[in-house]
Every structure is written in structure tokens, then in C-alpha cells.
Amino acid sequence: MPDFDLPRRLAAEALGTALLVATVVGSGIMAEGLTKDVALALLGNTLPTGAILVVLITILGPISGAHFNPAVSLVFALKRELAPRDALLYVAAQVAGGIVGTVMAHAMFALPLVDASLKVRTGGGQWFAEAVAAFGLVATILAGIRFNRSAVPWLVGLYITAAYWFTASTSFANPAVAIARSMTNTFSGIRPADLPGFIGAEIFGAVAAMIFMGWLLHSGGEAITKEARS
């Protein structure tokens, strides 16, 4: 990241989020058009999403860190690894990129460019699922960076692929993606009115993961070294 200036990092965040959302929304439209089997349609939505994450994190990670997610940017800002101003600009780029991704998907399938979703996604189970999804995502990222940085693209792609199926919410785990998905009345949509619950749960889960993993990844050896230096 230090090799790339802020405009390039913001462009990478916007591009990555746009292509991620275009994949989520576009594959959902394609799947829904090819089958009436909801389970098969969800599988058709899941696999492209996991695959594109591996690609995007691999090619854009060296530029911006490949957050593509305001909750992830918040975690790195709280960890003092991303300046607050840069974090706010990352979030703006991610949200803008996500909206462009929805428009791109609609344009490819000759749908209205923006169409507010009517799909209801609300309730305690859904909110808890989003907190779990975001917790697991951030835990995966932080542990991956600690133990095997080069594997992070695959770890994140595989985690999201799994979380699509084990969470009741199908694992949005991303406020920018949630906002973008509120603008599509297709398979992957969410009602705009349901966004606050999802976004709040995602942020809670991400921060909880940061706190827990900060403790879990703090080895006894590190503590001894710090005591010896003091």
C-alpha cells in the first residue's frame, strides 16, 4: 500500500467494490432466470461471489488493501493502520463503487438502472446472522494476515462461499454491498427500510471480531518480550 498514492487506492477500492457488486447482483439475475429452484439459484449466486473475491483481493490488495467493505476499513482505522481521513474516503469510494456495480449489472441484463428492492430481510435472526457473518469475515482477515498473508484472497473467498449457506441472511457482511443491493429488485436485493438493522449488525460483528482477535492473536511470547523491554 505505501507504494500507491491515495487517489489510486481509492480507485482500487471503488473498482473492486463495483465488480464485487456487479458479480453478486448479476449472478443473482442470471441464476433466477435460469432456474426456479431457489437452492440452485443460491448456489449460482454463491460460487461467482466467492470466485470474484479471490480475483479482486489478489489483483487489488497490493494497491489498497482490498477492503471493499466499510466495516473492514473501520477495523483497520481503529487498529491505527488506516488514517481516519483515508478511512472515510475509502468508505465513500466503496459505497459509490457498489452503486455503480448495481447499475452495471442492471445495464447488462437490460433492466432499469436503479430499482428499489422489495425483498424483506429483517428480524432478530437476520441481524444476528449478519453479526456472525461480519465477525467471521474480520476474524478470517486478521488471522490470515497474521499467519499466511498470501492465502488471504482464498481464505476470504472460501469464507464468504461458506457463509452464504450457513447464515440465515446469506452473509452480506458489508454495509457498502448492502446499500448497493437495496437498489436492485432482483434475487440479491434487500429493502432499503431493512438496511439500518443489517448495517448496525455488520459493524457490531466486525468490531467484536477485532476486539476478540486482538486478544486471541496476542501470543504469550509477545507479552514476555514487552515485559522484558520495559
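Quick notes on this one:
- Any pair with Cβ under 9 angstrom, 6 or more apart, that starts in region 6-26 at a residue that is within 12 Å of Val95 (Cα to Cα) and ends at one that is of a type in the set (D, E, K, R) and at pLDDT 95 or above: Leu10/Asp86; Val21/Arg181
- Selected residue (criterion: farthest from Ser64 (Cα to Cα)) from residues of region 154-167 that are among the aromatic types (Phe, Trp, Tyr) and buried (at least 16 other Cβ atoms within 10 Å of the Cβ): Tyr164
- Residue check, Phe187 touching a residue at least 60 places away in the same chain (Cβ under 8 Å), open to solvent by 20 Å² or more (accessible area, probe 1.4 Å), outside any helix (DSSP H, G or I) and aromatic (Phe, Trp, Tyr): yes
- For region 38-49, taking the residues that are more than 17 Å from Ser169 (Cβ to Cβ) and free of Cβ contacts under 8 Å to residues at least 60 places away in the same chain, the one that is most open to solvent (accessible area, probe 1.4 Å) is identified as Leu40.
- Filtered residues of region 166-177 (kept if touching an Asp or Glu at 6+ places or on another chain (Cβ under 7 Å) and closer than 20 Å to Tyr90 by Cβ): Phe172, Ala173, Asn174, Pro175
- Filter result (aromatic (Phe, Trp, Tyr) and at negative phi) within region 33-76: Phe76
- Which listed residue is of a type in the set (Ser, Thr, Tyr) and more than 14 Å from the chain's Cα centre (by Cα), from Ser169, Ser182: Ser182
The rows are residues; the columns are (1) within 16 Å of Ala162 (Cβ to Cβ); (2) under 12 Å from the mean Cα position of the chain (by Cα); (3) open to solvent by less than 60 Å² (accessible area, probe 1.4 Å); (4) acidic (Asp, Glu).
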residue: Leu15; (1), (2), (3), (4): no, no, no, no
residue: Thr23; (1), (2), (3), (4): no, no, yes, no
residue: Glu32; (1), (2), (3), (4): no, no, no, yes
residue: Lys36; (1), (2), (3), (4): no, no, no, no
residue: Ala51; (1), (2), (3), (4): yes, no, yes, no
residue: Pro62; (1), (2), (3), (4): no, no, no, no
residue: Gly65; (1), (2), (3), (4): no, no, yes, no
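- Hits in region 75-88 - residues which are open to solvent by 60 Å² or more (accessible area, probe 1.4 Å) and of a type in the set (A, V, I, L, M, F, W, C): Leu78, Leu88
- Filter result (assigned to a helix (DSSP H, G or I) and β-branched (Val, Ile, Thr)) within region 29-68: Ile29, Val38, Thr46, Thr49, Ile52, Val54, Val55, Ile57, Thr58, Ile59, Ile63
- Residues of region 126-153 that turn out to be touching a Gly at 6+ places or on another chain (Cβ under 9 Å) and either closer than 18 Å to Thr49 by Cα or open to solvent by less than 50 Å² (accessible area, probe 1.4 Å) (or both), as a count: 12
The values are calculated or read from the model by the stated rules, or taken from the named source; none is laboratory data. Predicted, not measured: the structure shown is a model, and the values here were computed from it. Ideal geometry is used to build each Cβ from the backbone, glycine not excepted, and the neighbour counts take in all protein chains shown. For the accessible areas, the whole protein counts, side chains as well, though only heavy atoms, and no ligand, DNA or RNA atoms are used. Shrake-Rupley method; radii C 1.70, N 1.55, O 1.52, S 1.80 Å.
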